Structures are given as structure tokens and as C-alpha cells.
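The values are calculated or read from the model by the stated rules, or taken from the named source; none is laboratory data. The shown structure was predicted, so the numbers you read here are calculated from the model rather than taken from an experiment. A quick note on method: Cβ atoms are made from the backbone with ideal geometry, for glycine too, and the neighbour counts reach across all protein chains shown. Surface accessibility is based on the protein's heavy atoms, side chains included, excluding ligands, DNA and RNA. Shrake-Rupley method; radii C 1.70, N 1.55, O 1.52, S 1.80 Å.
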Amino acid sequence: MSGAKDWVARTGAPLRGTLAIPGDKSISHRAVMFAALADGVSTIDGFLEGEDTRATAAIFARLGVRIETPSPSRRIVHGVGIDGLQAPDGPLDCGNAGTGMRLLAGLLAAQRFDSVLVGDASLSKRPMRRVTVPLAKMGARIDTGDGGAPPLRIHGGQPLAGIDHTLEVASAQVKSALLLAGLYAAGETVVREPHPTRDYTERMLSAFGVDIDFSPGFARLRGGQRLRATDVAVPADFSSAAFFLVAASIVPGSELRLRQVGLNPRRTGLLQVLRMMGADIREENAALHGGEPVADLVVRHAPLRGIEVPEALVPDMIDEFPALFIAAACAEGATVVRGAAELRVKESDRLAVMAAGLRTLGLRVDETADGATVHPGPLGSGTIESHDDHRIAMAFAVAGQVASGAVRIRDVATVATSFPGFDTLARGAGFGLQDQTGGQGR
Ligand code: S3P
């Protein structure tokens, strides 16, 4: 593995300035998909130029959709209509993206042609039966690899019928896969959730002219509808902003303004939790951006205290636990997380990997099946394994800003899946963060 990229993070300067955070990953994936299926030409502004979302765009190009990139973060998508996708000439590579693979499973299960979805090493370990089992109930035929993991071999030409399905785990990806299959199914498809999850699929299908009923935890649509092209404005990704919210909270003397960040309530659990911990985060210049609430987030250093994270907020901050664990490490008093077993099946087992990393830096972390208790303390130095998980890498880059020595983070290339340019932006704000290539022991 020589040539793999590491970072060395260490205390820098107080964090200062105004930052533009890249576009939302969840919305960018959906924007390309729905624009591809629409009748007419759609423009997407603020598209995330990350590897995950570019992989999804590349897949639609292979399915016969013309997608232009007139400038970075802009796409012009020439929709082919709901029945206009073409058979691909080989396996479709979703890269690191669970969202890409799970949503595409629902969409491709409804096509006339066969297809195969593959992913990188991390995605190839992630559970897919959560989508293939309910899709099979609609009439889909999808073979998984060993243990329900990718690749997904999707047999086209199957007539689908709508279902009324209650999800076992709160998952926007599974919900979305069923709704996409439901567009092609006979009758109605209803999805009910144990806890409401992000509703971008519902909101965006509605913006593309689909008649869909939805409320928190519920969605229903009729099959046989067409999508009408529309322009999409993608807000800045709260999950990317989260690392700077935590960093500025814990580094003395910091004050950052994060411009026009998406504040959909199904995404901002961390904002509530950080405020419960004592964080100083203000919202200014609130507006609506493409139908989504956005605001500047102004965050200043503040002493944090440990809390019991309310279980009801877990789905609204499911991607923010790596960042939260760093905030917890720097608080006064322990922080307890429960009801978060889903973290074990993200890009890595984020409970185990965060606990191991914090222990390397000298903390005590008690791990449970569905959570952990973080006992704060001074952070020392050490080498952290990112397990090729972008959010683990960024979380420990933040930890390094308050550590007593150097924190080396191994294999940070996957940061480009969700936040290309994180390191440059972070250094500009004051982070101590250096690239290292290769290294001993590889
Ligand atoms: C996502 C949903 C969440 C989240 C992921 C993006 C989406 O996954 O963790 O980063 O875009 O729908 P689950 O639906 O599996 O919880």
C-alpha cells in the first residue's frame, strides 16, 4: 500500500474565517437520479464534486443519460424519461456510496434490462438485504453476494406491484429505494418508518412533479407517474459543516462562519446536541434555498459538558457521531450514546473505530452493542486507522487540533468521497494538518 495518503494533525491556530462548505451529498445523488428520469432538461447547481456523487452521475451516463458539466458544481442533465434508460455494457460501480447503491437497486429492479451493481472494499461489506428483501416483496429479483453483501445482480423485466411496508430500521436509503421502485409498480407503494428519516426523496420527487403524500415517518405514491424536469439548488452539506462546528467549539479563541448550510430538521440533530452540551452556535441570514431551510452558522469556542444523547435524536444525526465523539472527548463529564447500532454498518463500524481511535489517544471509552460512553480527558498523540472511512479521518483531524502531540491518520483518500478540499479549507481556517505519503509499516 505504498503511496497511500495519511494526514498528520496537530494544534494549529485558533480557527477563524468564513467558509463555503460543499454541496449536500444526499441531495446531489437524488438530483442526478431524478433529473435523469425526468422529461426535459434540468440544471443542478451546488452539485457535490465528491467521488460518491460523481460515481452516481457516471452510472447514469452509462445508462444513456447525457450529463454536461459546464462548470464545477453544475450539471445539466438531459432527462430520458421514466422509461428511457438504456442497458449498461457492464457492471456499474457505485464506489463508496451506500446511497448510490441502495437507491439504484430500487430503480434498476424496475427496468427491462439486467444490471450489476458493485462497490469499493467498504461498500462491498455493507448489508443490502434491507433493500433486496422488501424489493422482492414487490416482485423484484436481485441476487446479493455472500451474506447479503454486494455485488447486486439485478434481473430486469419483472413486473412490480406496490406494497405497504414498515421499515425495520430507520433508513432513508431503504425508503427511497422502495419509492423509486414504486414509481414503476402497479398500484400504491406506502413506506412507514419507525423513526422519521431525511425526506429528500419525497421533497424532490414532489418538486419533479410527482404526486406523493408524505409526512414525518410516512410516504405514499402511485405507480405510473412521470417526472417533469426542474432545476435543483443544492444547499451546503450539514454533515460536512459538522466537523467545523465541533472544531471551532473545542479550539480556544475560534470563531467561524459557515455560509448557508442546509438545516433540514432531519439532519440537524448534532446542532441540538452540541447546544445541549453548551456550544455557542448562532444561525444568521436564514433563507430557503431550493425549498430547503439554510442559514449561516456562526460558531465560537465554548466549554462543553457531557450529556446523555437523547435516543430520539439519533436518526437526525446518524452521520455526525464521529464528530460528536470528538466533542465528547473534550467535554467536562462523560457522554453516553445509546440506540445507535446502525453506526456499526456505516462506511466502517463507527462505534468500534471511534472507540479504538480515542483509546489510542489516551481516553477511556466503554463500548456497548448500540452505543458507547466517552470519558473525556486530555488527548495525546498516536496513529489512527481510518478504516477508509471519510468521516473517521475528518473527525480525528479535528481531534488533532487539541491533542498534546501529533495525530497521524492513516488512509485519508476517502475524504474525497464526501468532502473534496476538506484539508485545504481546514488549513485556511487555522488547522494544523499536513499530508504524508506512504510511511513505515505498509
Ligand atoms: C442517506 C441516508 C443515511 C445516511 C447516509 C445518506 C441518504 O443512511 O447515513 O449517509 O442519502 O439517504 P441510512 O438510510 O442507511 O440510514
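Things to note:
- Length gained when the stretch Ser124-Ala13 is fully extended (0.36 nm per residue, less Cα-Cα span): 36.0 nm
- Three-way shape label, segment 1-61, alpha-carbon gyration tensor, a/c 1.5: oblate
- A Förster distance of 22 Å, applied to the separation of the beta-carbon atoms of Asp45 and Arg226, puts the FRET efficiency at 0.40.
- Angle between the chain longest axis and helix 172-182 axis [Cα atoms, degrees, rounded to 10]: 10
- Simple spin-label estimate for Val116 and Arg344 in nanometres, 7 Å along Cα-Cβ: 3.1
- Global geometry of segment 47-113, whether rounded, prolate or oblate, following the gyration tensor of its Cα atoms and the 1.5 cut on a/c: oblate
- 14 Å reach of a label modelled at Glu308, 7 Å along Cα-to-Cβ, counting backbone N of segment 325-363: 334-339
- Each Lys and Arg contributes +1 and each Asp and Glu -1, all at the Cβ; summed about the Cα centre of segment 25-230, the dipole is approximately 120 debye.
- Annotation: segment 1-124 has a Kirkwood hydrodynamic radius of 16.0 angstrom, from the mean reciprocal C-alpha pair distance.
- Computed from Cα atoms, the angle from the helix 390-400 axis to the main principal axis of the chain rounds to 10 degrees.
- Placing +1 on the Cβ of every Lys and Arg and -1 on the Cβ of every Asp and Glu, with nothing else charged, gives the chain a dipole about its Cα centre of roughly 180 debye.
- Look at where the Cα atoms of segment 1-61 and of segment 162-187 average out, and the two centres are 25 Å apart.
- Only helices enter the 222 nm calculation for the chain: every DSSP H run of n ≥ 4 contributes -39,500 (n - 2.57), and dividing by all residues gives -8500 deg cm²/dmol, rounded to 500.
- Cα gyration tensor, segment 85-163 - rounded (a/c under 1.5), prolate or oblate: oblate
- Solvent-accessible surface of segment 25-230, taken per residue with a 1.4 Å probe and all protein chains present: 36 Å².
- Among Thr69, Thr414, Thr230, the largest mean-square fluctuation in a Gaussian network model of the chain (Cα springs under 10 Å) belongs to Thr69.
- Farthest positive-ward along the chain dipole, Cα basis, beta-carbon charges - from Asn285, Pro315, Phe238: Phe238
- Two-decimal log10 I(q)/I(0) for segment 25-230, as the Debye equation yields it once each C-alpha is a single scatterer, q = 0.10, 0.13 Å⁻¹: -0.36, -0.63
- Two-site FRET efficiency, Val169 against Ser215, from Cβ-Cβ distance with R₀ of 22 Å, rounded to 0.05: 0.65
- Cα centroid of segment 63-128 to Cα centroid of segment 240-305, whole Å: 33
- Each Lys and Arg adds +1 at its Cβ and each Asp and Glu adds -1 at its Cβ; summed about the Cα centre, segment 186-325 shows a dipole of about 140 debye.
- Tyr184 accessible area, assembled protein chains, probe 1.4 Å, Å²: 60
- Equivalent ellipsoid of the chain: semi-axes from √(5λ) of the C-alpha gyration tensor, largest first, are 36, 22, 21 Å.
- With 0.36 nm allotted per residue and the present C-alpha distance subtracted, the Ala20-Asp89 stretch has 21.0 nm of extension available.
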